[in-house]
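In what follows, a structure is listed as structure tokens, so that the remarks can point back to it.
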Amino acid sequence: MSSEILKVEGIRKSFDGEEILRGISLSVREGEVLAVIGPSGSGKSTLLRCISQLETVDSGMISICGKVLVKNGPEGKAVYADRNTRREIGRHVGLVFQNFNLFPHHTVLRNIADAPVHVLRKSRREAEEAARALLEKMDLSEKADAYPCQLSGGQQQRVSIARALAMNPTMVVVTHEMKFAHDVADHVVFMDGGSVLEDGTPDELFSHTKNERTRAFLTRFNENS
């Protein structure tokens, strides 16, 4: 079994006395894609910001690539690693923002294939074959030769995620696109009210959920889609 690249245990975070994260725990293994879904205000973005060191937690543990970023001290409050360790951990973590940052003068195919060619030293042919496979998985095969300005916002988001996936990373994806989460993720976490209410495979959550709040969220989402 592959090793845990990301491990989060019991993290809590409050803003102005309001608890936004209420003991969140989850893990992601090497090569996995975790999709985090849930209603607005459930704490999804705050979770990502804490993992990527854009926010600090009040308590709990986060480890990335085997290095502990933060853990509880003797008084039960968060104690962060030293600056060098935090910097080293930061080199393994990136955050894809909602504005996508695609190269406007490159085609969709080139946006995805360039990094594997220049960073992973793959051949152009190999990188483009992998890019086309990712586009097919995301129902964007016909957009390979299009430019970012010719895509909708949702399509640009999927291209930016495909670009990240082309580097074979471990990924945590916060998304409101349920089909994307179902098709791409290895497992899915449903958050509501700052807590993880359900964690399972896409089939378990989307087709056989046991949690009433998850079911209600998916029903409302499908009605509004």
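Modelled spin-label separation between Thr56 and Asn211, with each label point placed 7 Å from Cα along the Cα-to-Cβ direction: 2.9 nm. Here the 3J(HN,Hα) profile of the stretch 17-29, calculated from phi with Karplus coefficients 6.51, -1.76 and 1.60 at θ = phi - 60°, is x, 9, 7, 8, 10, 10, x, 6, 9, 6, 8, 9, 8 Hz, Gly and Pro shown as x.
Beyond 26 Å between alpha-carbons counts as too far, so tell me which of Lys44/Lys179; Lys7/Lys143; Lys7/Lys44; Lys71/Lys137; Lys71/Lys210; Lys44/Lys77 fall in that bin.
Details: Lys44/Lys179 18 Å; Lys7/Lys143 36 Å; Lys7/Lys44 16 Å; Lys71/Lys137 38 Å; Lys71/Lys210 32 Å; Lys44/Lys77 22 Å.
Where the Cα-Cα span goes over 26 Å, the pairs concerned are Lys7/Lys143; Lys71/Lys137; Lys71/Lys210.
Could you give the dipole magnitude of the stretch 99-189 about its Cα centre, charging the beta-carbon of Lys and Arg +1 and that of Asp and Glu -1, in debye to the nearest 20? Could you put the intermediate results ahead of the total?
Values: 11 positive and 11 negative charges, 54 e Å.
In total the dipole reaches around 260 debye.
Annotation for Glu19 and Thr219: the two label points, set 7 Å from Cα along the Cα-Cβ direction, are 2.8 nm apart.
Where in the stretch 31-66 does the label zone of Glu88 land, with the point 7 angstrom along Cα→C-beta and an amide N cut-off under 15 Å? Residues 63-66 qualify, since their backbone N sits under 15 Å from the label point. Can you give the angle from 0 to 90° between the axis of helix 124-137 and the longest principal axis of the chain, with both taken from C-alpha atoms, to the nearest 10? Orientation of helix 124-137: about 70 degrees from the principal axis.
Inter-part distance, the stretch 96-150 to the stretch 158-203, computed on C-alpha centroids, equals 19 Å.
If I stretch the segment between Asn168 and Asp145 completely, what's the gain in nm (0.36 nm per residue apart, minus their alpha carbon distance), one decimal?
Values: separation 23, 0.36 × 23 = 8.28 nm, distance 2.26 nm.
Length difference between fully extended and current span is 6.0 nm.
So how tilted is helix 212-224 from the main axis of the chain? Cα-based, degrees 0 to 90, rounded to 10. Around 30 degrees separate the two axes.
Any read-out appearing in this document is the output of simple, stated calculations on the displayed coordinates, not a laboratory observation. These numbers were taken from a predicted model, which means no experiment stands behind them. Glycine also receives a Cβ, built like all others from the backbone with ideal geometry; neighbour counts cover every protein chain displayed.
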